[in-house]
1. Of the accessible area of the chain, with the probe set at 1.4 angstrom, what percent is carbon plus sulfur?
2. Taking 0.36 nm per intervening residue step and subtracting the Cα-Cα distance, what contour gain separates Gln3 from Phe29 on full extension?
3. In what order, largest first, do Trp106, Trp36 sit by accessible area if the probe radius is 1.4 Å?
4. Considering only protein heavy atoms, what per residue accessible area in square angstrom results for the stretch 59-116 with a 1.4 angstrom probe?
5. Could you report the accessible area of Ile103 in Å², rounded to 10, computed with a 1.4 Å probe on the protein chains as they sit in the structure?
Amino acid sequence: QVQLVESGGGLVQAGGSLRLSCAASQNIFAIVVMGWYRQAPGKQRELVADITRGGITNYADSVKGRFTISRDNVKNTVYLQMNSLKPEDTAVYYCSVVLVTSIRSWGQGTQVTVSS
């Protein structure tokens, strides 16, 4: 089981930016996919973006052009740069990884609140 520690959430005005970080306790090369999900009150958890070990990225349509996912293989960390934030981006954001063993792990979540 890999431990994930998220940071970087907070309160920001619409149009602002935040960067989320997710540090993994396990060597990042043992991780097949790293991603960010979010869950707003009363809604299902949804994929925001993910990145494969090979660096291939995938984004939800709602964040394309505004969010960028990246990884630092030396620091075993994945980032989510969020620009042009909207009130509808308000949610708890979760980091998640899938290991080569096909086991999925989740972080504890970090709150992102965008005020209008």
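1. 49 percent
2. Working it through step by step, the gained length comes to 7.9 nm.
3. Solvent-accessible surface, decreasing: Trp106, Trp36.
4. With the other protein chains kept in place, the stretch 59-116 gives 48 Å² per residue.
5. Number for this one is 80 Å².
The values are calculated or read from the model by the stated rules, or taken from the named source; none is laboratory data. Note that the coordinates shown come from a computational prediction; the quantities given were computed from them, not determined experimentally. Remember, those area values only see protein heavy atoms, side chains included, never the ligands or the DNA or RNA. Shrake-Rupley method; radii C 1.70, N 1.55, O 1.52, S 1.80 Å.
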